[in-house]
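Chemist: First the structure, which I've put down as structure tokens, then a few questions once you've had a look.
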Amino acid sequence: MKLLATDNNLPRQITLNFFYDMKFYYVYVLKSKKDKKNYVGYTENLKLRFEQHSKGLVTSTKNRRPLVIIYYEACLSRTDATHREKYLKTYYGKMFIKNRLAEWFSQGE
């Protein structure tokens, strides 16, 4: 995908391929519809990981299905993602999620 931009009336191409070439690490929060509790994890492939959770292939969530993704973030490094995951599992991280999703939680989930 390319955009055309002008600078001093001289056209130049700006490529947006860097978005497609970047590798992301996802930190996510699942909500169990069964026990109403959250699960926090991280992965390189959010779609695949959610499918694994949904099919009962993840030990820690297989008895808590059905699950819904209520929040996720993308990080550029694995280290950042694992640190963020650990933070979201703390009291302050749980308060962050509660405040960040206050409107969603107020609608009865």
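Every number in this text was worked out from the coordinates using simple rules, so none of it is lab data. From a predicted model like this one, the values you see are computed outputs, not experimental measurements. Cβ placement follows ideal geometry from the backbone for every residue including glycine, while neighbour counts extend to all protein chains displayed.
Chemist: Gain in length, residue 104 to residue 77, computed as 0.36 nm per residue apart minus the alpha-carbon separation, to one decimal in nm?
Modeler: Computed gain between residue 104 and residue 77 is 6.9 nm.
Chemist: Okay, moving on. In debye, nearest 20: dipole of the range 56-103 around its Cα centre with unit charges on the Cβ of K, R (+) and D, E (-)?
Modeler: 240 debye
Chemist: Counting Lys +1, Arg +1, Asp -1, Glu -1, what net charge surrounds residue 83 among other residues with beta carbon under 14 Å of its beta carbon?
Modeler: Value of the local net charge: +1.
Chemist: Right, next: Determine the distance separating the Cα centre of the range 33-70 from the Cα centre of the range 73-109; give it in Å without decimals.
Modeler: 15 Å
Chemist: Could I ask something else about it? Nearest 20 debye, what's the magnitude of the dipole of the range 23-106 about its Cα centre given +1 on Lys and Arg Cβ and -1 on Asp and Glu Cβ?
Modeler: That gives a dipole near 360 debye.
Chemist: Return the ratio Rg/(2.2 N^0.38 Å) for the range 23-106, where Rg is computed over Cα atoms only.
Modeler: 1.05
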